Amino acid sequence: MADQNRKHENLIIVGGGPGGLSASIYAARNGVNPLVLNGPEPGGQISTTSELENYPGFPEPIGGFELTQKMTQQAENFGVRLEYESAEKIAIVDNKFIVKTEINEYEAETLIIASGAEPKTLGLPREDHLRGNGVSYCATCDAAFFKNKKVAVVGGGDTALWEATFLAKFAAQVYIIHRRGKFRGAKILSDRVKAKENIEIIWDTEVKELMGEDKLSGLKIFNNKNNTVSKLAVDGFFVAIGHQPRTSFLPAEIELDSYGYLVADKHQHTNIPGIFAAGDVQDPDYRQVVIAAGSGAKAAIEASEYLEKNSPTFAAQTVINKAEAAQQTENFSTEQEPALSFNLKLD
């Protein structure tokens, strides 16, 4: 696409999950007019979660989709523009950031990368169908729903060991299913798991099938040592084989860690001046909605300050939300109404 056809933006936020939406709200309130590239599935990973009980401000559980819808509405109230486009490639040219989507090309003064991370799946039939109905990818999010029940965790790394330990606080029985005869995770985590009375380790075993129609009822498991198949009755199944950050579209110059996560400092700066990071794409440890939202707020504050210092054409805009704009329009219309006058002529 020719340079003259590029759409120029002060700030582009890549990702429309809690991190990106929070960033957009703070950026708009700081006088920036951000563009959010929502992607084809706005709301991020949390939109597929049936209920959240640990997001502040909601005494009753709220669905992940409903929460992100409220965030989206709040962003739009401050004039945030959201496009259902995905960033396919980002390049750095003359200290500007060229963002290519499937249909447009943008030039931005600064970027916030909030593209998220997605859990690795087992690829089993109906795994996606049972997600939120017994199948989960986040113990911190969903452990409380399985109080005094039986659950299984698949995996043998740090994530699986940590999630099993956390689940043991709620569930009556936790099974760890690992395809090998030895954990890959840290010894200290392995020792904690083995010390828990309500955790049982099932070695050399793979999950082959999820049982239950609309709700998980159990697993079919295969022991790869003796080639036997058996059934395991559980109420919950936690897939803990890692996450994959969405970073494939990023320029080669940007720093990633050994797992592919964006490296950011405590102010959300990456190694490239003008590029900031927020949400799960730079958080391999916690992956919580409230933390993603907080990092988005920090990234927006930093990006706004960057624009003020480095972009000579940047001018902060006056922020008026939709309700205020509607009220001002109504008041203006009332003030402009011509007064009725009567000229009575008496004969």
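The values are calculated or read from the model by the stated rules, or taken from the named source; none is laboratory data. Note that this is a predicted model, so its numbers are computed, not measured. Cβ: placed from backbone, ideal geometry, glycine included. Neighbour counts: every protein chain shown.
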Worksheet item: So which residues in region 207-250 are exposed (fewer than 14 other Cβ atoms within 10 Å of the Cβ) and out of contact with any Asp or Glu (no Cβ under 8 Å at 6 or more places or on another chain)?
Response: Lys208, Glu213, Asp214, Lys215, Asn226, Asn227, Thr228, Val229, Ser230, Lys231, Ala233, Ser248
Worksheet item: Quick check: is even one residue across region 172-189 part of a loop (DSSP other than H, G, I, E, B), touching an Asp or Glu at 6+ places or on another chain (Cβ under 9 Å) and touching a residue at least 60 places away in the same chain (Cβ under 8 Å)?
Response: no
Worksheet item: So is Phe170 modelled with pLDDT of 95 or more and in contact with a helix residue (DSSP H, G or I) (Cβ under 7 Å, 6 or more places away or on another chain) or not?
Response: yes
Fill in: Candidates Phe166, Phe249, Phe237 - the one that is free of Cβ contacts under 8 Å to residues at least 60 places away in the same chain and of a type in the set (Phe, Trp, Tyr)
Phe166
Worksheet, complete the sentence: Of those in region 51-66 that are of a type outside the set (Asp, Glu) and either surrounded by fewer than 16 Cβ atoms within 10 Å (Cβ to Cβ) or modelled with pLDDT of 95 or more (or both), the residue farthest from Arg6 (Cα to Cα) is Pro59
Practice prompt. Name the single residue, out of those in region 280-306 being touching a Ser or Thr at 6+ places or on another chain (Cβ under 6 Å) and crowded, with 22+ Cβ neighbours inside 10 Å, that is nearest to His8 (Cα to Cα).
Written response: Ala303
Discussion item. If I filter region 227-258 down to residues being assigned to a loop (DSSP other than H, G, I, E, B) and either touching a Gly at 6+ places or on another chain (Cβ under 8 Å) or not assigned by TED's automatic domain parsing to the domain that holds Ala23 (or both), which single residue comes out as farthest from Ala23 (Cα to Cα)?
Written reply: Asn227
Practice prompt. Say whether the condition of being crowded, with 16+ Cβ neighbours inside 10 Å and part of a strand (DSSP E or B) is met by at least one residue in region 155-164.
Written response: no
Worksheet item: Looking at region 192-201, which of its residues are over 20 Å from Phe146 (Cα atoms) and either hydrophobic (A, V, I, L, M, F, W, C) or surrounded by 15 or more Cβ atoms within 10 Å (Cβ to Cβ) (or both)?
Response: Arg192, Ala195
